[in-house]
Every structure is written in C-alpha cells, then in structure tokens.
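**Student:** A single structure is presented below for examination.
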Amino acid sequence: MNKLLTMIKNRAPNLFVGGLMVAVLTSAALYIGTSTATGVNSLSLSPSSGSYNIGTTFTINIYETSGTAINAAEADLIYNASQLQYVSSSTAGAFANYVSPTSTAGEFTISGASGGAGLTGTNLIGTVTFKTLTGSGSAAISFGSQSSILNAGGGETWNGTTTAASYTLT
C-alpha cells in the first residue's frame, strides 16, 4: 500500500482539485491501519484456473470489484518462482494513473489510481504474463499483504477478500 499512497501524493494535482486534494490525503493518512471495510470489495484473477504446457506463456487479468466508490487499488501477486517466470505486464486498465509495475522473483505488484468520484463495479487493474518453467503440477498465484483498495474518501475499503488462482502445468 506504500506505493499506492506515494502515487496518490505524486499524482495528486491530476487526481483532485484544490482543497479536496488536502482533505483526501489527510483522510488517507488518518485511516491507514484502520480498515473501513464494507465487505463488498474484492480482488480477483481471470482466468483463475487453466492448464498450460511447460515453456509456454499465459496472461491473466487482475480485477478489483467494488460496491462503493474507490479511487485506488494495488495488487501484490505472490507465486512460486521455480514454476512461473514474470514476462511482461500492462497497465491498460480502468485507472487513469499507474505506478510502474514491479517484479521480483516470486512477486509482482501493480497499482492504479483514478480521479474524480471514483470507480464502482468490476474494473481491470492490469494484466500480467507468465512463462511456465520446468516441472509439472499445480502453480498457485495469490494476493500478498501489500494488496489494498482505497475508497473515494481516502480510507482503506477492503476486507481482504480475494480469489486466488491455480494453474496446472503439464
């Protein structure tokens, strides 16, 4: 969530207007560490399952679904680096501003923020492409602890609901 807050601060002139910017950033600072989760917001991957041959690539979509207006989302994906290798990603999603995605062995993070009244419904955060490595079996991708969703008022509005994914490697 640190990248997400930094992005909001760095992009604030593009996201908010005048006094509203100060109010939103102040609210975000006050709400960090205290969740205002409503239970209706979630993160998910699509497809969440599939079968892929060793040595091939596949792309998954990363979604945020919200019943309340949100302004930012960060997806921190955790995977087994001996089974999957990060290839590329795209920030062509519903958000107006993005922090450059980062990837280290076994972890991928993408963050986006929107301006205005916020987004509701199901929104694409971005995509990520992986290559399957040697071995066979099941490769899981889950959301890490840095994942977050921030509401239009600046507080965290996510209770940790995620839909992880599991892929069969053959």
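**Student:** Which ³J(HN,Hα) values, rounded to whole Hz and listed in residue order, are derived for segment 91-102 from phi using the Karplus coefficients 6.51, -1.76 and 1.60 in 6.51 cos²θ - 1.76 cosθ + 1.60 with θ = phi - 60°, glycine and proline given as x?
**Tutor:** 9, 7, x, 7, 8, 7, 10, 10, 7, 4, x, 10
**Student:** So what is the relative contact order of segment 87-131, in percent, for Cα pairs below 8 Å that sit 6 or more residues apart?
**Tutor:** 52
**Student:** Compute the normalised compactness of segment 34-124: alpha-carbon radius of gyration over 2.2 N^0.38 Å, N being the residue count.
**Tutor:** That ratio works out to 1.19.
**Student:** Then there's this: Using a 7 Å offset from Cα along Cα-Cβ at residue 51, what residues in segment 124-149 end up with backbone N under 16 Å from the label point?
**Tutor:** Once the point is set 7 Å along Cα→Cβ of residue 51, 136-139 turn out to lie under 16 Å by backbone N, inside segment 124-149.
Each value in this text was obtained by applying a stated rule to the coordinates, not by laboratory testing. These figures come from a predicted structure and were not determined experimentally. Using ideal geometry, Cβ is built from the backbone for each residue, glycine included, and neighbour counts are taken over all protein chains shown.
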